[in-house]
1. What pairs can you find where one residue is in the stretch 11-35 and under 16 Å from Pro67 (Cβ atoms), the other is surrounded by 16 or more Cβ atoms within 10 Å (Cβ to Cβ) and aromatic (Phe, Trp, Tyr), and their Cβ atoms are less than 6 Å apart, with a gap of 6+ or different chains?
2. Just checking, which of Phe40, Phe92 is surrounded by 13 or more Cβ atoms within 10 Å (Cβ to Cβ), touching a residue at least 60 places away in the same chain (Cβ under 8 Å), touching a Phe, Trp or Tyr at 6+ places or on another chain (Cβ under 8 Å) and among the aromatic types (Phe, Trp, Tyr)?
3. Report, ordered by the first and then the second residue, all pairs with beta carbons closer than 7 Å, sequence separation of six or more or different chains, a first member in the stretch 59-83 that is at positive phi, and a second member that is of a type in the set (Ser, Thr, Tyr) and part of a strand (DSSP E or B).
4. Does the stretch 17-41 hold any residues that are of a type outside the set (D, E, K, R) and more than 18 Å from Gly78 (Cβ to Cβ), and which are they?
5. Name the residue that is farthest from Tyr58 (Cα to Cα), counting only residues in the stretch 5-30 that are under 15 Å from the mean Cα position of the chain (by Cα) and in a helix (DSSP H, G or I).
6. Take the stretch 89-101 and flag every residue that is more than 17 Å from Ile75 (Cα to Cα), part of a strand (DSSP E or B) and not hydrophobic (A, V, I, L, M, F, W, C).
Amino acid sequence: MSQSKKWHCALSVNDVPLGAAKKVCIKDIPIAIYHIGDAFYATHNTCTHDTIGLCEGYIEGETIECPAHQAVFHIPTGKVLQAPAKTDIQVFPVRVSNGIIEIEV
């Protein structure tokens, strides 16, 4: 039996500074919320190469670099851009409602 997805309140837009990422847990899933330009994005927070939290990594433009082994992912799509990771990270739909970032999980 599959569970239906629903929107969850995560953080205030003021909680995620421009160019930064913050970790939240929704339904026991560690999620990284990024503030890039005028948009917010959400991915699984765990690097697919190792069990390292991506929120601690280096953000440059629309990419996040894992702090452990320098795997690089495209934040909006979750695509791997640089090894050693070989598997994309999961992305989650994001919307902002009344100043609150909501994630669909």
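1. So the pair list comes out as Ala21/Tyr34; Tyr34/Tyr41.
2. Phe40
3. Gly78/Thr43
4. Pro17, Leu18, Gly19, Ala20, Cys25
5. This residue is Val13.
6. Ser97 - this is the single residue of the stretch 89-101 that is more than 17 Å from Ile75 (Cα to Cα), part of a strand (DSSP E or B) and not hydrophobic (A, V, I, L, M, F, W, C).
For (1) surrounded by 18 or more Cβ atoms within 10 Å (Cβ to Cβ); (2) more than 10 Å from the chain's Cα centre (by Cα), each residue gets a yes or a no:
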residue	(1), (2)
Tyr34	yes, no
Thr48	yes, yes
Leu54	yes, no
Cys66	yes, yes
Gln70	no, yes
Leu81	no, yes
Thr87	no, yes
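Each value in this text was obtained by applying a stated rule to the coordinates, not by laboratory testing. Source: prediction; values computed, not measured. Don't worry about glycine lacking a Cβ; one is built from the backbone with ideal geometry, like all the others, and counts go over all protein chains shown.
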